[in-house]
Amino acid sequence: QLIKTYPSDFSRNRVIYFLKSLFSLVQKLLKDKNINVVHIHSASNGSFLRKSIVLLISKSLTRKVILHIHGGSFKEFFASSRIHSKYILTILKMSDVVICLSEEWKYYFNNQLGLNNVKVLSNPIEYPELANREKESDQLELLFLGAVVPTKGIFDLLEYLSTNKYFITGRIRLHIGGEGDSYHLNKLLQQYGISDSVIQHGWVENEEKSSLMTMIDIFILPSHIEALPMSILEAMSYAKPIISTRVGGIPSLVKEEYNGWLYNPSQIQQLDIIFDEIFADNTKLQIYGNNSRAEALKYDIRTVAAKLNSIYTDVLKLN
């Protein structure tokens, strides 16, 4: 049974909603003795603090607990307060298993926080059937898919592209899918005079997302902070080469000289070298795309479900 602790309807009182969720949890655990494991999904900040209460209740009612960390800003959250960090560490150590999204995150939890109860489980994707692609133009089509906010690096990317020789000569076109600070986005497009070379699609999903993924040449995610981006996994499943940053779990997905290119988020001018390489030899797009597709198979939902089932089995064996 799924019990939500935060309302999707923001007009609802969040405190009352959370208290009702806790009541439902206690009621369920007291009535149903066949429930052996409580699997808690958490991000950072308020999400983690709410879920820590869920964990404490579950442990007090003698259930095994899996704490599944999704937040890309968890390091910053942990370092933000000495009082919080001690409490956070206590909660992490109380968990029977802490699940993180990549080997990079496991290294952090093991070596920086001293945990020995960490397992890796990637985000799952549904492996799509590929449609035939009809190239509409000779332009290199880039797709950014994500929240239009500073931490995703989209504003840095626009500033960079406004001076890139390939972009300003019409050889690159950028597609943006996602919602967020549209006011700042449009202000920058006008300021840099690049509105005609940037296509805004707004929030995309289902068939529209599939069409975009099929149509573009490269997926780009210039994030400053990430865990294991679903958008990159989805793009890989559509056989797309990736340009992204060396943050979070991204290096476990994007391997240089194999299925994409990585750069440091504070050194966005490194994109000059990447685009020079692409325009010098565009056969790499096909090669890297095929490699992405093969790599994405590891994250197929059936594969990930089997790994999760194995984690449940191991948790139930714990004393």
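Kindly evaluate ASN117 against the criterion of being open to solvent by 10 Å² or more (accessible area, probe 1.4 Å) and either at positive phi or without any contact (Cβ under 8 Å) to a residue 24 or more places away in the chain (or both).
Taking the combined requirement at face value, the residue does not satisfy it.
Only helices (runs of 4 or more DSSP H) wholly contained in the stretch 265-319 count here; list those with 3 or more residues that are open to solvent by less than 90 Å² (accessible area, probe 1.4 Å) and in contact with a Pro (Cβ under 9 Å, 6 or more places away or on another chain).
283-296, 301-317
Being part of a loop (DSSP other than H, G, I, E, B), among the small types (Gly, Ala, Ser) and open to solvent by 70 Å² or more (accessible area, probe 1.4 Å) is the filter here, so list the residues in the stretch 51-97 that pass it.
Correct list: SER80 only.
For the stretch 253-264, what are the residues that are surrounded by fewer than 17 Cβ atoms within 10 Å (Cβ to Cβ) and touching a strand residue (DSSP E or B) at 6+ places or on another chain (Cβ under 9 Å)?
LYS255, GLU256, ASN264
Restricting to the stretch 275-319, what's the tally of residues that are of a type in the set (Lys, Arg), at pLDDT 95 or above and within 20 Å of ALA235 (Cβ to Cβ)?
2
Looking only at residues in the stretch 152-173 that are touching a residue at least 40 places away in the same chain (Cβ under 8 Å) and not in a helix (DSSP H, G or I), which one is surrounded by the most Cβ atoms within 10 Å (Cβ to Cβ)?
Out of the qualifying residues, it is GLY153.
So TYR258 ticks every box in (1) among the aromatic types (Phe, Trp, Tyr); (2) part of a helix (DSSP H, G or I); (3) within 19 Å of ALA239 (Cβ to Cβ) but one. Which box is left unticked?
Checking TYR258 against (1) among the aromatic types (Phe, Trp, Tyr); (2) part of a helix (DSSP H, G or I); (3) within 19 Å of ALA239 (Cβ to Cβ), the one that fails is (2).
Name the residues in the stretch 304-317 that are farther than 18 Å from ASN36 by Cβ and touching a residue at least 40 places away in the same chain (Cβ under 8 Å), would you?
VAL304, ALA305, LYS307
To keep it simple, each residue is scored yes or no on (1) within 25 Å of SER44 (Cβ to Cβ); (2) part of a helix (DSSP H, G or I); (3) open to solvent by less than 20 Å² (accessible area, probe 1.4 Å).
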{"residue": "LYS187", "(1), (2), (3)": "no, yes, no"}
{"residue": "HIS201", "(1), (2), (3)": "no, no, no"}
{"residue": "GLU207", "(1), (2), (3)": "no, yes, no"}
{"residue": "MET213", "(1), (2), (3)": "no, yes, yes"}
{"residue": "GLU226", "(1), (2), (3)": "yes, no, yes"}
{"residue": "ILE243", "(1), (2), (3)": "no, no, yes"}
{"residue": "GLY248", "(1), (2), (3)": "yes, no, no"}
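Consider the stretch 18-50. How many of its residues are in a helix (DSSP H, G or I) and either open to solvent by less than 30 Å² (accessible area, probe 1.4 Å) or touching an Asp or Glu at 6+ places or on another chain (Cβ under 9 Å) (or both)?
7
The values are calculated or read from the model by the stated rules, or taken from the named source; none is laboratory data. Computed from a predicted model, the values in this text were never measured in an experiment. Here Cβ is always computed from backbone atoms with ideal geometry, including for glycine, and neighbour counts include all displayed protein chains. Only protein heavy atoms, including side chains, enter the accessible area calculation; ligands, DNA and RNA are left aside. Shrake-Rupley method; radii C 1.70, N 1.55, O 1.52, S 1.80 Å.
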